[in-house]
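The values are calculated or read from the model by the stated rules, or taken from the named source; none is laboratory data. What you are looking at is a predicted structure, and each value in this text was computed from that prediction instead of being measured. Every residue, glycine among them, receives a Cβ derived from its backbone with ideal geometry; neighbour counts consider all protein chains shown. We work out accessible area using only protein heavy atoms, side chains counted, and drop any ligands, DNA or RNA first. Shrake-Rupley method; radii C 1.70, N 1.55, O 1.52, S 1.80 Å.
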Amino acid sequence: MGNFDLLMTGFGIAITPMHLMLMVCGVLMGLVVGVLPGLGAPNGVSLLIPLTFTLDPTSAIILLSSMYWGALFGGSTTSILFNIPGEPSSVATTFDGYPMAQSGQSTRALTLAFMSAGIGALMGVIVITLLAGWASNFALRFGAPEYFAVYFLAFAAFIGMGSASPAKTMVSLTVGLLLASVGMDTVTGEIRLTYGFSELLGGISFLVVVIGLFGIGELLATVQEGLRFRGVASRIHLRDVFRTIAELPRYWATTLRSGLIGIWMGITPGGPTAASFMSYGIARQASRKGAAFGTGRPEGIVAPETADHSAGTCAMLPMLALGVPSSATAAVMMGGLMIWGLTPGPMLFATKPDFVWGLIASMYISNIVGVILVLATVPLFAAMLRIPFAIIGPMIVAICFVGAYTVGSSTFDLWLVLLFGLVGYLFNKLDYPLAPLVLAMVLGHKAENAFHQSMLLSDGSLGIFFANPLVSSIMVVGLALLIVPKLLQLGARLRRPATVE
Amino acid sequence: MTVRRFHAEAATAAATGILGLIAIYGAAELGFGWEDHGPQAGYFPFYVGLLLIGASLWNLIRAFVAYRAATAEEEPFLPREQLMRICKFSAALLIFVAATLMLGIYVGTAGYITWSAWRQGGYRLPVSLGIGLGFSVALYLIFETLFRIPLLKGPIEPLLGIY
C-alpha cells in the first residue's frame, strides 16, 4: 500500500465521533494550558498522560497531540493580546503581534497568527505523510550501533545547534542521563545510584521532572516578574477575519520560507522555539522595509507562527520513525508511548499502522479544528487571564502537584516536583536549556542499551560505530553537528567583533 | 539583598559539579570497568558523570571570566524585590507540600487557595473559602469520580465518609 492509501485508512480511524470529540477536548485543554502561565505544552501533556491509561493508544495519542496543537495556538493568543508569551516558542510572535493588536487591529493579528499557524502545521503534516514510509524503511536497516549513532546525533545536534552555550547544554543533557540511570538497570539488573534511598528504587519518573521543571519553574518565573496583565480588546469581528484571510496570499513567500525553516528545525532537533526565532530573523533580513519590523508588520506575525507550527508537527516524524523526539513535548509523548507499551521506531510502522496513520490523519483534522476553535474561543480565554493571579496561581500549583501524584501515587514525587521546580527556574534564568534534559531522560535507557549491545557485539571496540557506511555516516553527521555550527560562530565572531544575537 | 549573576552562575556550576561527583562515587561502587560479558553497571553513569564535571568546570570558568570582564554598573540578576517575591512564593509552596503530606491533597489544596485568595487576592474570607473548597470538590469529581484515580487523603476525609 502506498502512503496515500495508508493515509486514507488513517482518516477512517481518525474520523469517528469518539476521536473527533477527543480532538475537540484535546485542543480546548491545550488552549487552556497554552494560555495560562506555568502550564505549557510539555507539562500539560505530562499531566494528561496518567489519565490516558484507560484509553487505547490510538485514542490517547490523538488526545495528547491535539492538546499539543491547542497549546501552540493558545501560546499565540496571549502573545498577541497580552504581550505575554504563553509558550517559549511564541516569544517571537510578541514582537509584531502585540504592537498590531495595540493599534486596534487585534482581530487581524490573531487571524494572521492562527491562519499561518494552521498553514504551517499542514505543511508539516504533508511532509510527514510523504516521508513517513521512507523514513521507516530506512530505519528498518538499523541495528544497535546505528541506534546509538542516532541518539548520539540527537544529543550532538542539541549541543551544536542549540542557541544556549554548549557547556550548559552539556550539563542539561548529562543531568538528564544521570537521572534516567537511577534505579534498576535493565541490562545488568543492578540497582544504581539510589544511595540507600528506597524511594529511588523505582527510578525517577520523567513526567514528575517535566511537571517540576516546566510547571513550577515557569510559575516561579512569572511570580518573579510580578504579574501585571495589560490586555488589549479581545473581541473578534467576523468581517475582519475574512478580510485578513483574503490578505494572506500576499505573504506567500514568507509563509513558504518559514514553513521550510520550521520543517527543517522540526526534523532536526532544533525545535519550535529556535525555528520561530530563526524564521522571524530571516523575514526581517529579507524584508526591504526592515526598520518597520517590531511595529506590527504582518510578516512579523506570519513568519514565526508558520515556523513554530510546522516545526511542532514535524517533531513527530523523528519521534515515530526513529524514536528520537526533537522537542520537549515530543519527548514527553514518546515517554507516553513507551508507558502504553508501544516501542517508537520503525517497527511501529510495520506492526501498528493503524496507530501511526490514525495519528497522522488526526493531525490534519485537529489542526483545522484548532484554527476554528481558537478563533471562536479567544474572548473566553482572554477573560481567563483576567482572573487574579492570587487565585489562578495556587490552582496551577495544585494541578501540577496532583498531576505528579497521579503518576505513581508516591508522596516522594511531591518533593521532587518542588526540587525540580526550583531547578527549572534557576536553569531558565541562567539560560540552561531544559529540552535536552527531558530528551536525555526519555532516551537515556535506550541510548545506554544500544551502547551496551554495540559494545557486546564489538567486544568493547568503539570501531563498531564506524564499521559500515550507514553507521559511520550517521556518526560523521553527528560529529559535524557537534562541531561545525560553533566553529562557524567562532569564525563570524573573529571577523565581526561586535556580534549581534 | 540582591543576587548577582556571577553568584548564581557559580553556585549552579558548583551544584552540577557536585552532582557529577556523587554520580561518579555511586558508579565507582558498582564498578565502571569491563567484565567478560561487557561493561559493568557503573560504566555509563561514570563517564556521564565525568562529562558533567567537565562541563560544570567550564561553566564555572566562564562565569569567572565574565565576572572579571564585567563593568561596575552591572544590572542586578535578581533585585531585592524580585528575590523577596520568589522566597515568599517558594515558602508558600513548601508549606503547601508539607500540609498536603500531612492532611492530604484535598485539604492542602483548599487551604492553600483559600489563604492565597484571602491574604494576597484581597477577597473576603467566606468568598476565599468558597473558591478553595470549590476547587477541591472539582478535583474530587474529576479524579475520583470520572477517572477513578484515588488522590492522597489525610485524616479528615474518613471523618466525612470519603475513602
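Restricting attention to region A:446-474, the residues that are surrounded by fewer than 21 Cβ atoms within 10 Å (Cβ to Cβ) and within 30 Å of B:ALA13 (Cβ to Cβ) add up to 1. Does region B:3-20 contain any residue that is among the aliphatic types (A, V, I, L, M), over 20 Å from A:LEU426 (Cα atoms) and out of contact with any strand residue (DSSP E or B) (no Cβ under 7 Å at 6 or more places or on another chain)? The answer is no; no qualifying residue exists.
Residue under question is B:ARG119, and the condition is that it be open to solvent by 60 Å² or more (accessible area, probe 1.4 Å), under 24 Å from A:ALA390 (Cα atoms), within 10 Å of chain A (Cβ to nearest Cβ) and among the basic types (Lys, Arg); does it hold? Walk me through how you get there before you give the answer.
Details: open to solvent by 60 Å² or more (accessible area, probe 1.4 Å): yes; under 24 Å from A:ALA390 (Cα atoms): yes; within 10 Å of chain A (Cβ to nearest Cβ): yes; among the basic types (Lys, Arg): yes.
Yes, satisfied.
Considering only region A:437-445, I want to know if a residue exists there that is within 13 Å of chain B (Cβ to nearest Cβ), within 23 Å of B:LEU51 (Cα to Cα) and surrounded by fewer than 21 Cβ atoms within 10 Å (Cβ to Cβ). So that I can check it myself, show each step before the final result.
To start, the set of residues in region A:437-445 that are within 13 Å of chain B (Cβ to nearest Cβ) comprises A:437, A:440-441, A:443-445.
Subset that is within 23 Å of B:LEU51 (Cα to Cα): A:437, A:440-441, A:443-445.
Among the residues that remain, those that are also surrounded by fewer than 21 Cβ atoms within 10 Å (Cβ to Cβ) are: A:445.
The answer is yes; a qualifying residue exists.
If you check B:GLY20, B:GLY38, B:GLY42 for being under 17 Å from A:MET170 (Cα atoms), open to solvent by less than 90 Å² (accessible area, probe 1.4 Å) and at the interface with chain A (Cβ under 8 Å from one of its Cβ atoms), only one passes: B:GLY20. The one condition from (1) open to solvent by 20 Å² or more (accessible area, probe 1.4 Å); (2) under 23 Å from the mean Cα position of the chain (by Cα); (3) more than 30 Å from A:THR244 (Cβ to Cβ) that A:TYR364 does not meet is (3).
Which one is nearest to the chain's Cα centre (by Cα), of the residues in region A:288-327 that are part of a loop (DSSP other than H, G, I, E, B) and under 30 Å from A:LEU348 (Cα atoms)? Lay out the reasoning, then the answer.
At the first step, the residues of region A:288-327 found to be part of a loop (DSSP other than H, G, I, E, B) are A:288-289, A:293-298, A:315, A:323-327.
Still in the running and under 30 Å from A:LEU348 (Cα atoms): A:315, A:323-327.
On the way: A:ALA315: 7, A:GLY323: 14, A:VAL324: 12, A:PRO325: 9, A:SER326: 7, A:SER327: 4 Å.
Looking at residues that are part of a loop (DSSP other than H, G, I, E, B) and under 30 Å from A:LEU348 (Cα atoms), I get A:SER327.
For the residues A:LEU201, A:LEU238, the requirement of being surrounded by fewer than 20 Cβ atoms within 10 Å (Cβ to Cβ) and touching a Ser or Thr at 6+ places or on another chain (Cβ under 7 Å) singles out A:LEU201. Taking helices (runs of 4 or more DSSP H) as the structural unit, those lying wholly within region B:39-117 and holding at least 1 residues that are under 30 Å from B:PRO150 (Cα atoms) and modelled with pLDDT of 90 or more correspond to B:80-103, B:105-115.
Within the bounds of region B:50-67, is there any residue that is more than 20 Å from A:GLY226 (Cβ to Cβ), of a type in the set (D, E, K, R), within 8 Å of chain A (Cβ to nearest Cβ) and in contact with a helix residue (DSSP H, G or I) (Cβ under 8 Å, 6 or more places away or on another chain)? The answer is yes, given that some residue of region B:50-67 is more than 20 Å from A:GLY226 (Cβ to Cβ), of a type in the set (D, E, K, R), within 8 Å of chain A (Cβ to nearest Cβ) and in contact with a helix residue (DSSP H, G or I) (Cβ under 8 Å, 6 or more places away or on another chain). Among the residues making up region B:128-155, those that are more than 8 Å from chain A (Cβ to nearest Cβ), open to solvent by less than 60 Å² (accessible area, probe 1.4 Å) and either within 20 Å of A:GLY393 (Cβ to Cβ) or of a type in the set (Val, Ile, Thr) (or both) are B:SER128, B:GLY130, B:GLY132, B:GLY134, B:SER136, B:ALA138. Scanning region A:186-210 for residues that are acidic (Asp, Glu) and free of Cβ contacts under 8 Å to residues at least 12 places away in the same chain gives a single hit, A:GLU190. Answer yes or no: is there a residue in region A:46-61 that is in contact with a helix residue (DSSP H, G or I) (Cβ under 6 Å, 6 or more places away or on another chain), surrounded by 19 or more Cβ atoms within 10 Å (Cβ to Cβ), modelled with pLDDT of 85 or more and under 28 Å from A:GLY226 (Cβ atoms). Looking through region A:46-61, at least one residue is in contact with a helix residue (DSSP H, G or I) (Cβ under 6 Å, 6 or more places away or on another chain), surrounded by 19 or more Cβ atoms within 10 Å (Cβ to Cβ), modelled with pLDDT of 85 or more and under 28 Å from A:GLY226 (Cβ atoms).
How many residues does region B:88-109 hold that are more than 10 Å from every other protein chain (Cβ to nearest Cβ) and open to solvent by 10 Å² or more (accessible area, probe 1.4 Å)?
Number satisfying all stated conditions: 6.
Before we move on, is B:TYR112 crowded, with 20+ Cβ neighbours inside 10 Å and under 18 Å from A:PRO388 (Cβ atoms)? Spell out the reasoning first.
Details: crowded, with 20+ Cβ neighbours inside 10 Å: yes; under 18 Å from A:PRO388 (Cβ atoms): yes.
Yes; evaluated as a whole, the condition is true for this residue.
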